[in-house]
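Written below as structure tokens is the structure these notes are about.
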Ligand SMILES: C[S@@+](CC[C@H](N)C(=O)[O-])C[C@H]1O[C@@H](n2cnc3c(N)ncnc32)[C@H](O)[C@@H]1O
């Protein structure tokens, strides 16, 4: 078994710092000039639409967004399909920043979980679909 816990802590810290930068004037300008984008990766709207069609999600299905950051792309996928979204990420700061946007975007409550995606106590068949965009767990 490979013990990569120190590497993982460093990754978490580096993402935490990254999300804190979104709170600065530059981060706010970026958000405003990209139409309120919550993306923190390279996944495009077209790719999200493709994912939606491949997963075939329907209203009420459960969707897990692993490494969701501030809610992209799970938020858009849940909005388009009516799926129940569960967003998971490690830095709390990412989830905090995503909370308001997701609750404005979606009619139903969003479940955000601060957890390591490599160690989730989730059984087979619990989710109808899983996405992880720009994440290497
Ligand atoms: C480049 S960001 C992408 C965020 C979002 N999916 C997007 O496209 O905007 C990668 C995210 O993966 C998260 N991440 C990395 N390893 C993770 C793990 N083991 N469990 C949960 N989240 C993880 C990071 O904290 C970070 O928020």
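Just so it is clear, none of the values below were taken in a lab; they were calculated from the coordinates. Owing to the predicted nature of the structure, the values given are computational and were not obtained by experimental measurement. No Cβ is skipped: glycine too gets one built from the backbone with ideal geometry, and neighbour counts run over all protein chains shown.
Segment 50-73 and segment 116-137 have their alpha-carbon centroids 11 Å apart. Working from label points 7 Å from Cα in the Cα-to-Cβ sense, the residue 135 to residue 18 distance is 1.3 nm. With the cut-off at 1.5 for a/c, could you classify the chain from its C-alpha gyration tensor as rounded, prolate or oblate? Judged from the Cα gyration tensor, the chain comes out oblate (a/c at least 1.5, b/c at or above a/b).
The ranking of 26, 48 by Cβ neighbour count inside 10 Å, starting from the fewest, reads 26, 48. In this calculation the C-beta distance from residue 126 to residue 54 is compared with R0 = 25 Å, giving a FRET efficiency of 0.85.
How do 50, 42, 72 rank when sorted from fewest to most other Cβ atoms within 10 Å of their own Cβ? Don't skip to the answer; put the middle values down first.
Details: 50 11, 42 8, 72 24.
Ascending number of Cβ neighbours within 10 Å: 42, 50, 72.
Could you tell me the relative contact order of segment 5-131? Use alpha-carbon pairs under 8 Å, at least six residues apart, and round to a whole percent. It would help to have the intermediate numbers written out before the result.
Details: 177 pairs, mean separation 32.1, N = 127.
25 percent.
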